[in-house]
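Peer 1: Please read through the structure below; I'll follow up with questions.
Just so you know, all these numbers are worked out from the coordinates, no wet-lab data involved. Since the structure is predicted, the reported quantities are computational estimates derived from the model, not experimental observations. Ideal geometry is used to build each Cβ from the backbone, glycine not excepted, and the neighbour counts take in all protein chains shown.
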Amino acid sequence: MTALASATQHATGSHPAADQPDEARAVGARKITPYLLLIPGLAWLVLFFIVPMVQLAVVSLESKFPGYPGYYYLDLAVWNYRDALSEFWPHIIRSFVFAGVATILAFIIGYPLAYAMAFKAGKWRNVMMILVIAPFFTSFILRTIAWRQILADEGPVASTLNALHLLPGGHITETWVAVVAGLTYNFLPFMTLPIYSSLERIDPKIIEAGGDLYANGFTTFHKVTLPMSMPGVLAGTLMTFIPASGDYVNAELLGSDISTKMVGNAIESQFFRVPGGYPTAAALSFTLMAIILVMLFAYTRKFGTENLL
Amino acid sequence: MAGFFSSSSMGELRTAKGDLHLDRVTKRFGDFVAVDDLSLTVPRGSFFALLGPSGCGKTTNLRMIAGLEQPTSGRVMIGDVDLTGSRPYQRPVNTVFQSYALFPHLTVRENVAFGPKRRGESGAMAKADEALALVQMSHLAGRKPPQMSGGQQQRVAVARALVNRPEVLLLDEPLGALDLKLRREMQVELKRIQTSVGLTFIHVTHDQEEAMTMADTVAVMNHGRIEQQGAPAELYDLPRTRFVARFLGQANLFDAPIVGTDGDYLIVENAGQRFGVKKSRSTVTSGTVSYGVRPEKLRLDETEPTDLRPNECLVGPGRVTDVSFTGVSTQYIVEVPGFPPASVFEQNLDVDPIVTHVGDEVWLRWNASHAFAVAPEEQK
């Protein structure tokens, strides 16, 4: 807006004797243009984000119409939230624990990968980049099913570990390990790419300067490289943690029937399978969103929003 | 100091005092020889400039002193301590990088305190404040580098290196990104700082004026070798290669055969005219030479002079093809048949300076004792 205003001022200022109405019309058009450009995006957001959101909020406060399954009426049923939480709190906790562990694992795997791509890959950089992105060429569901094969009891991982007697219980699939492994795998690129892009922007001379100023390799990483890549780490952890905590595909395909279900699975079953489950599904969705917003707020307060932008 | 830190995870910081020596240093990148069997001594406490065109190896040379590159062969020494093979953080050497390379996530004060903190010195912040005062940046100590101008960042970069009191401070074209006025100011400023702290400064630049203004000693580099080294005035007055003559200031050069001697002078001949050059000012005593005179040593005459002194050489008539007024002096380009176009600087001492115009017929004369002669082709 400031740039716009000063541009306008400049335009009028530089032609004091110019034809006034023409000038005014040109200025007016220039002021409107940015808003015109916003219309398609705004319309999309209103139609597919704001409206459904309001609708969801309304549904979360509705009650079942007695005797007419599938019909609801609005009676500000805030106890829907209480009921949903008392039944599904383990799912919610599991969601955040799984997403948290997956985020930490993705960071442990993704940071060295991004670092290697940014500083050590040389001519292999593009190949590595393609390998990181390549999974997007196939369906998310298919890849998760493929993990089911890899981790299955007869598969290479479980059979090897079993042969070595290293797998208590004898299974990987149907356990939380498989769900977390699936989440970690599926969200790894979302961790790696933002970190890579912030590492890649660092002038190598700045890292050399660390060495020049008496910091050895480890200290330079700790004091210079890591802090400078924090924007990428922040973006990567959010882009992993938020969608992972709402994910239900991994728990559905790799987990067991009960003990590894996440909140996404509860919402899905309440919505599609349980008769009259709409209000509960809506209440769970809102609860999930609220918790994520609070966590996001606390996280960015701690690490600084200016790093995120 | 070194003993104390050798046990820490930092690795040993070498203590070394004295002159910097490069001993037959060569650096190859694949087939490309960046620095070619170069030996150099920089006396402790001097301001030394490495001057040369881009790609001449001057920056590679600097990076080998810093430890950011290792020589393919040869040794880097300070005093009698051999630093070859040691890591940058083990050397008592600091660099002011061309792009400043300040840490953007740290404040100015933290940037400057970075070195002392890594060395585990007490009062790192106080030392940083002292260094910032030296470069007159105390008022911006709390800022972060991205919020500052190029000139300000430059001063901080100097402070960040100086605060460590390194045995050798390296400056890698530190003024390259500044505008002309700021560059002049910083030249004076850096010289003042160097004089007040008394450290060895090695300054890499492609700007001959910058090198001559600041340095006690200038080494002119070309193709990975030092062509000539000496005090700025000495290099300018008596270049010993054609490359130095042309790179350091302007030089009017023409190739001519030696046809005889006359006392202390060698006599060369070109376009039917004979010119003298002192034997002591020629690197060649037979065959063909490149005969050179600096533009400000030439005098213009609008009529054929009759008052020629014994030592004076004369060519002409020629024609003025260009006149450019530069304030203090005026530059004329004069074409004399049989010679390359000559550049002449005349001081604007009169009220109405320009009396000679394009197309005028002129004669050029100079004192033969000001001339120099070098080998005609650059020796590869």
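Peer 1: Given the -39500 (n - 2.57) contribution per DSSP H run of 4+ residues, what per-residue ellipticity at 222 nm results for chain A, rounded to the nearest 500 deg cm²/dmol?
Peer 2: Theoretical 222 nm ellipticity from helices: -22500 deg cm²/dmol.
Peer 1: Which residues' amide hydrogens lie under 5 Å from the amide hydrogen of B:VAL35, considering only partners 5 or more residues apart or on another chain, with H built in the peptide plane?
Peer 2: Amide H neighbours of B:VAL35, under 5 Å, 5+ apart: B:LYS27.
Peer 1: Follow-up question, since we're still on this one. I need to check one value: relative contact order of chain B, counting alpha carbon pairs closer than 8 Å and at least 6 residues apart, in percent.
Peer 2: On the way: 809 pairs, mean separation 56.0, N = 380.
Across chain B, relative contact order equals 15 percent.
Peer 1: Next question. Are any of the pairs B:LYS181/B:LYS297; A:LYS120/B:LYS127; A:LYS64/A:LYS302; A:LYS205/B:LYS27; B:LYS127/B:LYS191; A:LYS120/B:LYS144 more than 31 Å apart by Cα-Cα distance, and if so, which? Don't skip to the end; give the middle numbers.
Peer 2: Working: B:LYS181/B:LYS297 28 Å; A:LYS120/B:LYS127 36 Å; A:LYS64/A:LYS302 43 Å; A:LYS205/B:LYS27 20 Å; B:LYS127/B:LYS191 21 Å; A:LYS120/B:LYS144 29 Å.
A:LYS120/B:LYS127; A:LYS64/A:LYS302, as the Cα separations exceed 31 Å there.
Peer 1: With N set to the residue count of chain B, report its C-alpha Rg divided by 2.2 N^0.38 Å to two decimal places.
Peer 2: Here the Cα radius of gyration is 1.19 times the empirical estimate.
Peer 1: Additional query: Which residue fluctuates most in the GNM of chain A (Cα springs below 10 Å): A:PRO66, A:PRO112, A:PRO279?
Peer 2: Its mean-square fluctuation being the largest, the pick is A:PRO66.
Peer 1: While we're on this one: Relative to the compact-globule scaling 2.2 N^0.38 Å, provide the ratio for the alpha-carbon radius of gyration of the protein assembly as shown.
Peer 2: Values: Rg = 37.4 Å, N = 689, 2.2 N^0.38 = 26.4 Å.
So the Cα radius of gyration is 1.42 times the expected 2.2 N^0.38 Å.
Peer 1: At q = 0.12, 0.19 Å⁻¹, what base-10 log of I(q)/I(0) does the Debye formula yield for region B:250-374 when every alpha carbon is treated as an equal point scatterer in vacuo?
Peer 2: For region B:250-374 at q = 0.12, 0.19 Å⁻¹, log10 I(q)/I(0) is -0.44, -1.02.
Peer 1: Next up: Could you pull the Cα extents of region B:226-270 along its three principal axes, largest to smallest, in whole Å?
Peer 2: Over region B:226-270, Cα extents along the principal axes are 31, 20, 17 Å.
Peer 1: Sort B:VAL293, B:VAL112, B:VAL320 so that the residue with the fewest other Cβ atoms within 10 Å of its own Cβ comes first and the one with the most comes last.
Peer 2: Values: B:VAL293 24, B:VAL112 33, B:VAL320 19.
Neighbour counts put them in this order, fewest first: B:VAL320, B:VAL293, B:VAL112.
Peer 1: Here is a further query. In what sequence do A:THR280, A:THR300 fall when counting other Cβ within 10 Å, fewest first? All intermediate terms of the calculation are to be shown ahead of the outcome.
Peer 2: On the way: A:THR280 24, A:THR300 15.
With the fewest neighbours first, A:THR280, A:THR300 line up as A:THR300, A:THR280.
Peer 1: With a cap of 16 neighbouring Cβ atoms within 10 Å, and only residues DSSP puts in a loop, list the trypsin sites (Lys or Arg not before Pro) found in region A:181-274.
Peer 2: A:ARG201, A:ARG273
Peer 1: Also: Looking at region B:91-130, which GluC sites (Glu not before Pro) are DSSP coil and have at most 16 other C-beta atoms within 10 Å of their C-beta?
Peer 2: Passing both the DSSP loop test and the Cβ count: B:GLU121.
Peer 1: For the residues A:LEU42, A:LEU56, what sequence is obtained by ranking on other C-beta atoms within 10 Å, fewest first?
Peer 2: A:LEU42, A:LEU56
Peer 1: Let me ask another. How large is ³J(HN,Hα) for each residue in region A:242-249, as worked out from phi by the Karplus curve 6.51 cos²θ - 1.76 cosθ + 1.60 (θ = phi - 60°), to whole Hz, x for Gly and Pro?
Peer 2: Each residue's phi maps through the Karplus curve to give 5, x, 5, 6, x, 6, 10, 5 Hz.
Peer 1: How large is log10 I(q)/I(0) at q = 0.09, 0.14, 0.15 Å⁻¹ when the Debye formula is applied to the Cα atoms of chain A, each weighted equally and without solvent?
Peer 2: Rounded to two decimals, the profile gives -0.69, -1.17, -1.23.
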